[in-house]
Amino acid sequence: MASAANKPIPGTHIFDGAAAQKGYALNAMCYSFNSAANRDAFVRDEAAYIDKFQLTPEQRAAVAARNVLQMIAAGGNVYFLAKLAGILGLNVQDLGAQQTGMSVDAFKQMLLDQAKTPAAREAIRG
Amino acid sequence: MAKVIGGVFTSHVPAIGGAIQRGAQNEPYWKPFFDAWPPVREWLDVQQPDVVIMFYNDHGLNFFLDKMPTFAVGAAPVYRNEDEGWGLHPFPIPPGHTDLSWAIIEKLVEEEFDITTCQDMAVDHAASIPLALAWPGREAPVRIVPITINTVQHPLPSAKRCLALGRAVGKALAEWQGPEKIMVMGTGGLSHQLDGERAGFMNAEYDKFCMDNLSSDPDALTRHSVHEMVELSGTQGVEVLNWIAARGALGATARELTRTYHIPISNTAAAVMVLETEAAVQSGKASSEAIPAMA
Ligand SMILES: [Fe+2]
């Protein structure tokens with residue numbers, strides 16, 4: 001979805017105008033989860049809540065599957081998806097593990113291991 | 001006459017707020033990050049700033065995609081930190097400084113920045129956590145002017161534009177006739193990516209480049225396009241735009257006083273820096289204690 005001038009970055013989805021249009025309903029639903037009452041309403045009756053926000057079939061399938069990459073493909077923005085993830089009891093390591101196909105422990109270890117690279121050691125030294 | 005004394009630059013990862021609220025600061029995972037703050041607080045104790053100009057990005061609390069300003073300036077007497085949906089309790093937010101907000105707004109528009117103004121504004125974790133780190137356990141004893149930069153929905157403003165915005169804010173501060181001591185905060189980053197198959201990406205080399213140049217040559221940070229910054233620092237690493245703008249507001253010269261870099265906090269390469277200007281109180285105390293920490 002990057003503009004023509006920019007070459008794609010592997011594993012990276014730029015949230016641009018096309019994504020923002022495509023994802024509007026899904027992101028609007030997620031934005032509503034700033035309110036505890038709305039989070040409760042989603043938990044009580046997920047199907048009715050999703051109907052209210054008129055999610056697209058692709059967005060409905062992604063939410064039903066709890067699949068973050070599918071939600072992103074359907075226009076979801078991670079800052080908004082994080083609010084849905086909170087309801088589902090998932091933190092950003094859980095999201096990272098799911099998206100990278102790693103176990104949560106392996107994903108966390110991958111994060112920790114990045115402190116051990118020569119570049120990281122140099123940056124930590126200042 | 002108002003004085004711009006310097007700036008505090010920090011990551012604003014939500015999990016930091018969780019650690020504060022759980023009292024986890026001394027746990028092994030968290031200690032290296034929280035250890036960055038005693039020297040910052042010593043500097044603040046010496047400097048006693050009256051106002052914080054807060055450069056940050058909103059993450060879907062005040063702004064949804066229905067209206068997404070590239071740059072927005074708060075001009076409210078009070079600001080609220082609210083429920084963002086994933087469990088952090090709101091932190092206390094100090095009052096606004098509306099006269100200074102409007103002076104900044106006047107100057108920015110005069111300088112041809114077409115900003116949005118907000119007289120009713122919720123500020124999210126990107127403002128509340130940095131304040132809670134700098135002044136723990138209480139409402140920060142300052143008044144604030146929040147300035148948000150869109151780092152959510154592309155196209156984002158370029159680093160060059162963000163630096164220019166900050167410099168225009170700096171002009172407004174230099175012209176402000178009030179007696180306040182003013183500091184800036186720039187929050188977010190450093191490298192991290194929450195979304196996509198590249199989730200978990202960090203880049204210590206690029207982060208070091210940003211930290212090394214922030215005080216002495218901020219224009220160096222404008223050589224990369226936003227797309228290149230995403231590639232180098234991750235989809236959310238572009239939040240360094242907030243740091244670049246805040247640096248611009250400090251004027252031509254700023255001296256690096258403290259620096260802490262730590263991997264990881266949550267999915268993020270975390271950093272904390274203090275830069276001070278020549279207008280800072282030259283006590284020598286904070287700097288002489290802080291410099292060994294940098295070595
Ligand atoms: Fe952020």
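Where the centre of each part is set by its Cα atoms, how far does the stretch B:169-205 sit from the stretch A:9-72, in angstrom?
29 Å
Quick one: compute the contact order of chain A, relative version, from alpha carbon pairs under 8 angstrom and 6+ residues apart, as a percent. Please list the in-between numbers first.
Details: 96 pairs, mean separation 28.8, N = 126.
After rounding, I find 23 percent.
With the other protein chains left in place, how much accessible area per residue, in square angstrom, belongs to chain B at a 1.4 angstrom probe?
Numbers: 9960 Å² over 295 residues.
Per residue, chain B has 34 Å² of solvent-accessible surface.
Compute the length gained on full extension between B:V78 and B:N26: take 0.36 nm times their separation in residues and subtract their Cα-Cα distance, giving the result in nm to one decimal.
Working: separation 52, 0.36 × 52 = 18.72 nm, distance 3.26 nm.
The B:V78-B:N26 span can extend by a further 15.5 nm.
For chain B, with a Gaussian network of springs between Cα atoms less than 10 Å apart, report the residue from B:P155, B:P77, B:P94 with the top mean-square fluctuation.
Most flexible of the set in this elastic network: B:P155.
Give me a single rounded figure for B:202-210: the average over its residues of other chain Cβ atoms within 10 Å of their Cβ. All intermediate terms of the calculation are to be shown ahead of the outcome.
Details: counts 8, 5, 10, 6, 2, 3, 7, 1, 1.
Per-residue shielding by partner chains comes out at 5.
Where nothing but the Cβ of Lys and Arg (+1) and of Asp and Glu (-1) is charged, how large is the charge dipole of the protein assembly as shown around its Cα centre, in debye to the nearest 20?
Numbers: 33 positive and 45 negative charges, 92 e Å.
Using Cβ point charges on Lys, Arg, Asp and Glu, the protein assembly as shown gives about 440 debye.
Leaving out ligands, DNA and RNA, and with a 1.4 Å probe, what % of the accessible surface on the protein assembly as shown is carbon or sulfur? It would help to have the intermediate numbers written out before the result.
Details: 8540 of 16020 Å².
That share works out to 53 percent.
Cα to Cα, under 25 Å, and not fewer than 8 places away if on the same chain: which lysines meet these conditions relative to B:K31?
A:K108, A:K116, B:K208, B:K285
Please list, in chain and number order, the residues 5+ apart from B:V4 or on another chain whose amide H is under 5 Å from its amide H, with Hs placed from the backbone.
B:I182
In what sequence, largest accessible area first, do A:R66, B:R255, B:R247 appear using a 1.4 Å probe? Walk me through the numbers on the way to the answer.
Numbers: A:R66 75, B:R255 105, B:R247 5 Å².
Correct descending sequence by accessible area is B:R255, A:R66, B:R247.
May I ask you to list the residues of the stretch B:75-94 whose amide nitrogen lies under 19 Å from a point 7 Å from Cα along the Cα→beta-carbon direction of B:D120?
B:75-84
Determine the total buried accessible area between chain B and chain A, counting protein heavy atoms only with a 1.4 Å probe; round to the nearest 100 Å².
Details: alone 11970 and 8020 Å², together 16020 Å².
For B against A, buried area totals roughly 4000 Å².
Looking only at other chains, what is the average number of their beta-carbon atoms within 10 angstrom of each beta-carbon in A:68-80? All intermediate terms of the calculation are to be shown ahead of the outcome.
Values: counts 4, 4, 0, 1, 3, 0, 0, 1, 1, 7, 10, 13, 6.
Averaged over the peptide's residues, the number is 4.
If we count every other residue with Cβ under 10 angstrom of B:V142's Cβ, Lys/Arg +1 and Asp/Glu -1, where does the sum land? All intermediate terms of the calculation are to be shown ahead of the outcome.
Values: positive: B:R143, B:K181; negative: B:D50, B:E139, B:E180.
Combined, the nearby Lys, Arg, Asp and Glu give -1.
Hey, if we sort B:W102, B:W176 by accessible area with the 1.4 Å probe, largest down, what's the order?
Values: B:W102 100, B:W176 45 Å².
The ordering from most to least exposed comes out as B:W102, B:W176.
Which FRET efficiency value, to the nearest 0.05, do you get for A:D45 and B:Q282 by plugging their Cβ-Cβ distance into 1/(1 + (r/R0)^6) with R0 = 60 Å? Write out the running numbers ahead of the final one.
On the way: r = 63 Å, r/R0 = 1.05.
The value I calculate is 0.45.
Quick one: putting +1 on the C-beta of Lys and Arg, -1 on the C-beta of Asp and Glu, what dipole do you get for chain A around its Cα centre, in Debye to the nearest 20?
In total the dipole reaches around 240 debye.
Quick check on packing: order B:129-141, B:56-68 by the mean number of other C-beta atoms within 10 Å, highest mean leading. Could the numbers behind the result be given before it?
Working: B:129-141: 18.2, B:56-68: 20.2.
Highest-to-lowest ranking by the protection proxy: B:56-68, B:129-141.
Just counting partner chain Cβ atoms within 10 Å, what average do the residues of peptide A:25-37 show around their Cβ?
Values: counts 0, 0, 6, 3, 0, 3, 7, 2, 5, 10, 3, 2, 0.
Per residue, the average neighbour count from other chains is 3.
Using a ≥ b ≥ c from the Cα gyration tensor of chain B (square roots of the eigenvalues), is it rounded, prolate or oblate, where a/c under 1.5 gives rounded and otherwise the larger of a/b and b/c decides, a/b for prolate? Numbers along the way, then the final one.
Working: a/c = 1.20, a/b = 1.06, b/c = 1.13.
It comes out rounded by the Cα gyration axes.
Assign unit charges at the C-beta atoms only (+1 for Lys and Arg, -1 for Asp and Glu), then state the dipole size of chain B relative to its Cα centre in Debye, rounded to the nearest 20. Write out the running numbers ahead of the final one.
Numbers: 21 positive and 35 negative charges, 96 e Å.
Charge dipole, chain B, about its Cα centre: 460 debye, nearest 20.
Considering only lysines 8 or more places apart in sequence, or on different chains, count the pairs in the stretch B:48-206 whose C-alpha atoms sit under 23 Å apart. Can you show the working numbers first?
Numbers: B:K107/B:K160; B:K107/B:K171; B:K107/B:K181; B:K160/B:K171; B:K171/B:K181.
Eligible lysine pairs with Cα atoms under 23 Å apart amount to 5.
Suppose the chain between B:R223 and B:E205 were pulled fully straight at 0.36 nm per residue; how much longer would it get relative to their current alpha carbon spacing? Kindly include the intermediate steps, with their values, before the conclusion.
Numbers: separation 18, 0.36 × 18 = 6.48 nm, distance 1.56 nm.
So the extension gain works out to 4.9 nm.
For A:I14, what charge total do you get from the other residues with a beta carbon under 11 Å from its beta carbon, if Lys and Arg give +1 and Asp and Glu give -1?
On the way: positive: none; negative: A:D16, B:D195, B:E231.
That sum, taken over residues with Cβ under 11 Å, equals -3.
The values are calculated or read from the model by the stated rules, or taken from the named source; none is laboratory data. Everything numeric here is computed off the predicted structure, so don't read it as measured data. Positions of Cβ are generated from backbone atoms using ideal geometry, with glycine treated the same way; all protein chains shown enter the neighbour counts. Accessible surface is based on the protein model in full, side chains and every heavy atom, while ligands, DNA and RNA are left aside. Shrake-Rupley method; radii C 1.70, N 1.55, O 1.52, S 1.80 Å.
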